[in-house]
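The values are calculated or read from the model by the stated rules, or taken from the named source; none is laboratory data. If you're wondering where the values come from, they're calculated on a predicted model, not measured in any experiment. No Cβ is skipped: glycine too gets one built from the backbone with ideal geometry, and neighbour counts run over all protein chains shown. Side chains are part of the model used for accessible areas, which takes the heavy atoms of the whole protein and leaves out ligands, DNA and RNA. Shrake-Rupley method; radii C 1.70, N 1.55, O 1.52, S 1.80 Å.
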Amino acid sequence: MARRAVLALLALGLIQAVHPGAAMAAGRPLFRQASLDTEKASADTRRLAAWVVATGDNQGLPFLIVDKVAARVFAFNGAGLLGGTAPVLLGAQPGDDMVPGLADRPLSRIGPSERVTPAGRFVAAPGANLAGKDILWIDYDAAISLHPVVVGPPSERRGQRLASPTALDNRISFGCINVPPAFYDLVVRGLFAATTGVVYILPETRSLEVVFFPAAIPTVPGR
């Protein structure tokens, strides 16, 4: 993507990128921690990020945290340094569990109530879809991936939904996670170019305690 277009998206707040050099220049030490001090992240996002780094649950791999309620993704390198954040589009139906067997059906046979982005911990890997486009496979067997936003029918207004200031209109996909193209190119592709990683998708009908091994997740002081 052209540098001018990327800078424009950064200026609009549609994507945000954090570079280690910028953190050093600002006097922020690069400790092994998931630093969200300057970001508008939910309490659950902060709690999970702190737990991932404190326990090493990501095993030194890059990781993403997808907050479905806020319709936002946070990307971290293997040491827990925030690499960027962006809005996302999600499955049209709120929920945390997919209906079994959906991956074996054509999209035309997946009903509106079945279009769910599942919650949980997933080992993700870069790959390609049937059209040969780069994507990040979150759950290959369930055909759930993270990828640049697709154009879709004009009535879906996917680009406008991503750019809107509210998360209320970000439910439109069949379950996959759509992100701004610049965020995918600048952040996701860089983090997952030559490695697998972990994607944590926060629940919206259950609690962190049920989905992500509760006893270990600390409460972040002051959050």
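How many residues does the range 40-64 contain that are surrounded by fewer than 17 Cβ atoms within 10 Å (Cβ to Cβ) and not small (Gly, Ala, Ser)?
Within the range 40-64, residues that are surrounded by fewer than 17 Cβ atoms within 10 Å (Cβ to Cβ) and not small (Gly, Ala, Ser) number 3.
Any idea which of (1) outside any strand (DSSP E or B); (2) modelled with pLDDT of 95 or more is the one Ala124 doesn't satisfy?
(1)
Kindly evaluate Thr85 against the criterion of being open to solvent by 10 Å² or more (accessible area, probe 1.4 Å), of a type outside the set (A, V, I, L, M) and either at pLDDT below 95 or under 18 Å from Tyr184 (Cα atoms) (or both). Even if it seems obvious, please write down each step before you answer.
Working: open to solvent by 10 Å² or more (accessible area, probe 1.4 Å): no; of a type outside the set (A, V, I, L, M): yes; either at pLDDT below 95 or under 18 Å from Tyr184 (Cα atoms) (or both): yes.
No; evaluated as a whole, the condition is false for this residue.
Quick one: how many residues across the range 65-82 are open to solvent by less than 30 Å² (accessible area, probe 1.4 Å), charged (D, E, K, R) and not in a loop (DSSP other than H, G, I, E, B)?
Total meeting the criteria: 1.
Considering only residues that are over 17 Å from Phe74 (Cα atoms) and in contact with a strand residue (DSSP E or B) (Cβ under 9 Å, 6 or more places away or on another chain), look in the range 194-210 and name the one that is least open to solvent (accessible area, probe 1.4 Å).
Thr195
Among the residues that make up the range 124-145, is at least one of them of a type in the set (A, V, I, L, M, F, W, C) and more than 23 Å from Arg189 (Cα to Cα)?
no
In this structure, does Ile65 turn out to be in contact with a His (Cβ under 6 Å, 6 or more places away or on another chain), within 19 Å of Tyr200 (Cα to Cα) and at pLDDT 90 or above?
Numbers: in contact with a His (Cβ under 6 Å, 6 or more places away or on another chain): no; within 19 Å of Tyr200 (Cα to Cα): yes; at pLDDT 90 or above: yes.
When the stated conditions are applied, Ile65 does not pass them.
Looking at the range 122-149 only, could you name the residues that are among the aliphatic types (A, V, I, L, M), under 18 Å from Leu61 (Cβ atoms) and open to solvent by 30 Å² or more (accessible area, probe 1.4 Å)?
Val123, Ala125
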